[in-house]
Every structure is written in structure tokens, then in C-alpha cells.
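Novice: One structure coming up, written as C-alpha cells, with questions to follow.
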Amino acid sequence: MKYEVTIGIPVFNAESYIRQALESALAQTYDNVEYLIIDDCGTDSSMSIIGEFQNNHKRGKDIHVLRQPGNMGVSAARNRIIDDAQGQFLFFMDADDLMEPQAISLLMGWQKKTGADIVYGSYNKIETYNDNKIVATIQYPQKELKGEGCLAEYAWSKYGNVQTTIWNFIVNVELLRQSKIRFIESDFWEDMAFAFDLFPLCNHAVLLPDITYHYMCHLNSLSRYQQRESIHKEEVLQNISTVDYLKKQCAQTNRKSLLPQRCKNVLETAFFVFCYILKNKEKISPSFTDKELKSIMIHPLSISDIMHFSHNRNAHLLYYVISMLPSRLFVWTVSCVGRYKGLI
């Protein structure tokens, strides 16, 4: 491999943010870095700005731009990054986010110290809506995980133990290529689907408490619903399609010891979507029927599969039995749980 690290950045109509994002990436204290930009055929001046950096920055020769045949979406762009990265390790970055200057040095330092397949940094989540800014810190404990399925076991032991975002970690490129892991074709939660597929592949992982990344949430981002006055049903359906993919992968996993926890996390994700829809039913148009709402929560496995679980069997059996209720009664029952938990 020509570089030790590739920072891969999909770019589509990011002219308002790409200059700051690229400046933060180019400011890395680590020397041996490729900057792989995927031009997803936007219509603004993003690529002109990137061209300025190629021509004028001291690291300009390490900025490589690959143009897609047309606007193919973020998943296709990230898949191309996996295919064409020249680095031994890959760090995904979004075109509107920011990196700390020492991010790659810190992550690679721990990789070389431990030999880990994947090293995560902690990050700040910064939500900006008009003149309002909310900063939340997602901070991991200092932790090294070793053994088959260790990252998946830790990630799924508690919901949200490891964030299902796709940025702010370095991962061995050969691990991705040999496993043939890919991003699904979706603009909604494609990173979650990838993370769920990635977790079981990693047998040596490191989590760090150091802040290495700033995740910038903007009002009109595809993934942000919170401050919107209206939400088209189709957007939520794309989130649901990702949940359906995760359910399908549960049925196909070959690591049976991880299956109860994986299913539990997938069902909890489905539950959050269910509660979100009920909480925002006045904003979502057209509305969801009870039958559609129930379909979100259907257990991905059969009763026979659940009976073979080594743990969490009773919880899954209870969930499975509840899912047999008629649609209206099922929605009422699950919504009561959502209200009890403060989600509706």
C-alpha cells in the first residue's frame, strides 16, 4: 500500500462546508496520509474549492479525486473509497464535519501499540439550528477488546455502547476487502447497517476517550428530522428499509452466540422508529396505518430459532408473543411501553 492511512470523503454539493472540513483533514499531524475525494457529481463549486487545495496546499499531491459516472449517492461513494483507497487503514469523513489535528496520530499510535483491527476515537456532536447550537460529547471509556466477536459482543451488550456511525475510526482496509462488506443502497442509516455488519468482523478493537472528531448536524441534513415542520413518509420508510435489512442479516448471521444480542439491538432500533412515528404523527404525511406500524416491530426470527438462544430467551419469547396480537392492540400495547419510557 502506498500510504499508511486514507481519509475518504464523499462530496456532493458541500460548498458551504468543504473548505473547513478539508482544512481540518489536511492539518493532521500524521504525515503518511492519502486524501481520497469521491466527486458525486454535484452542481455547486465544491470541486473547484478542492482543486484550489490540490494546487496550493503543501499536501496537495496527496489529494486524489475520483469522479463518479453520475450522482450515485453516499453509499456508492463510500464503497468506491473501500475499493480504491491506497492506505493500509481507512478513516471515513463526511464533507461537513471537522477533525482534530492529532486525530490520525492518536488513532494510529494506538493501532501500532496494540495491533488492533479498528481504533475508535470519541467525538462531539454539534447541532446547529438557526442561531442555536447544542453540543453533546460522546465519550468512550479507555478499552481494548480482544477475541472472536469481541467488538460485537461489547457493542451489543448495551444499546449505544458503540456508535453506529461510519466516521471517526481507523479500520484495516484488507479486513473490509476480504470480508466483501459493502454499504447498502440507501441515503438513510446506511452507516448503521454497515456498522452492524462490521462489528462481528473485528476481533481486536480499541476505544479511546480522546475527542478526535466533530460531527456537525445541520437543519436540512437528510438524517435530521428534529426541527422540521413536515416529514414525508417516504423518508421514514427508507429508515425502516434499513431496519428490515438488519432483521434479514440477523437471520443470516453465522455467529450464533452473538444472535440474541444482535436481535435485541435491532428490535430496540425498530422500537425507537415506532415511537418516533407516533410522537411525530402530525408531521408525517401520509400517515402510517396500524398494520404498517406493527410490521416495523415484527421479530426477525422464528419461535424455533428463539428457543435455541443461550441467553435473553424469555425476553425474545415475550416479544414474539406480543407480536402475535392484532395490529390495533399491538400498536396500543407497544405505545404504552413507549410512553412509559418517555419516548412518546
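Novice: Summarise the accessible area of the stretch 167-220 (1.4 Å probe, protein heavy atoms) by the percent that is carbon and sulfur. Intermediate results must be reported in sequence, preceding the final value.
Specialist: On the way: 900 of 1830 Å².
The C+S portion of the solvent-accessible surface of the stretch 167-220 is 49 percent.
Novice: Could you work out how far the C-alpha centroid of the stretch 1-77 sits from that of the stretch 154-191, in angstrom?
Specialist: Taking the Cα centre of each part, the stretch 1-77 and the stretch 154-191 sit 21 Å apart.
Novice: Could you work out the local net charge near T164, counting Lys and Arg as +1, Asp and Glu as -1, over the other residues with Cβ closer than 11 Å to its Cβ?
Specialist: Residues close to T164 contribute a combined charge of -3.
Novice: State which entries of K158/K279; K61/K112; K233/K291 exceed 18 angstrom in Cα-Cα distance in the structure shown.
Specialist: As for pairs spanning more than 18 Å Cα to Cα, those are K158/K279; K61/K112.
Novice: Then there is this: Given the stretch 45-99, report the % of alpha carbon pairs whose separation exceeds 18 Å.
Specialist: Roughly 44 percent, once rounded to a whole number.
Novice: Okay, next question. Using helices alone, what [θ] at 222 nm do you get for the chain, with -39,500 (n - 2.57) per DSSP H run of 4 or more residues, divided over all residues and rounded to the nearest 500?
Specialist: So the helix-based figure for the chain works out to -12500 deg cm²/dmol.
Novice: If I histogram all Cα-Cα distances within the stretch 138-214 using bins 5 Å wide from 0, what percent of pairs lands in each bin?
Specialist: 3, 14, 25, 28, 20, 9, 2
Novice: A further question on this structure: Semi-axes of the equivalent ellipsoid for the stretch 37-170, please: Cα gyration tensor eigenvalues, times 5, square-rooted, ordered largest first, whole Å.
Specialist: Gyration-tensor ellipsoid for the stretch 37-170: 29, 20, 16 Å.
Novice: Sticking with this structure for a sec: When the C-alpha atoms of the chain are aligned to their principal axes, what extent does each axis show, in angstrom, from largest down?
Specialist: So the three principal-axis extents are 65, 46, 36 Å.
Novice: Let me spell out the model: positive unit charges on the Cβ of Lys and Arg, negative unit charges on the Cβ of Asp and Glu, origin at the Cα centre of the stretch 61-157. What dipole size does that give, in debye rounded to 20?
Specialist: Numbers: 10 positive and 13 negative charges, 42 e Å.
Using Cβ point charges on Lys, Arg, Asp and Glu, the stretch 61-157 gives about 200 debye.
Novice: Using a 1.4 angstrom probe on heavy atoms only, work out the carbon and sulfur share of the accessible area of the stretch 33-152 in %.
Specialist: Here carbon and sulfur together make up 45 percent of the probe-accessible area.
Novice: Can you give the net charge of the other residues whose Cβ lies under 14 Å from the Cβ of I322, counting K and R as +1 and D and E as -1? Kindly include the intermediate steps, with their values, before the conclusion.
Specialist: Working: positive: K294, R328; negative: none.
Every neighbour counted, the sum reads +2.
Novice: Near the amide H of C217, under 5 Å away, which other amide H atoms are found, from residues 5 or more places off or on another chain, if H is placed in the peptide plane?
Specialist: I126, E127, T128
Novice: Can you pull the percent of Cα pairs in the stretch 1-87 with separation above 20 Å?
Specialist: 29
Novice: Putting +1 on Lys and Arg Cβ atoms and -1 on Asp and Glu Cβ atoms, find which of L176, M108, L36 reaches farthest to the positive end of the dipole of the chain.
Specialist: The Cα lying farthest towards the positive end belongs to L176.
Novice: Take the chain, connect every pair of alpha-carbon atoms lying under 10 Å apart with a spring to form a Gaussian network, then pick out the residue of N314, N79, N172 with the largest mean-square fluctuation.
Specialist: Of N314, N79, N172, the most mobile in the Gaussian network model is N314.
Novice: May I pose another question? Provide Rg over Rh for the stretch 217-339; use the alpha carbon set for both Rg and the Kirkwood Rh (inverse mean inverse pair distance).
Specialist: 1.00
The values are calculated or read from the model by the stated rules, or taken from the named source; none is laboratory data. Bear in mind the structure is a predicted one, so any value in this text is a computation, not a measurement. For neighbour counting, all protein chains shown are included, and Cβ atoms are generated from backbone atoms with ideal geometry for every residue, glycine included. Side chains included, ligands, DNA and RNA excluded: accessible areas come from the protein's heavy atoms. Shrake-Rupley method; radii C 1.70, N 1.55, O 1.52, S 1.80 Å.
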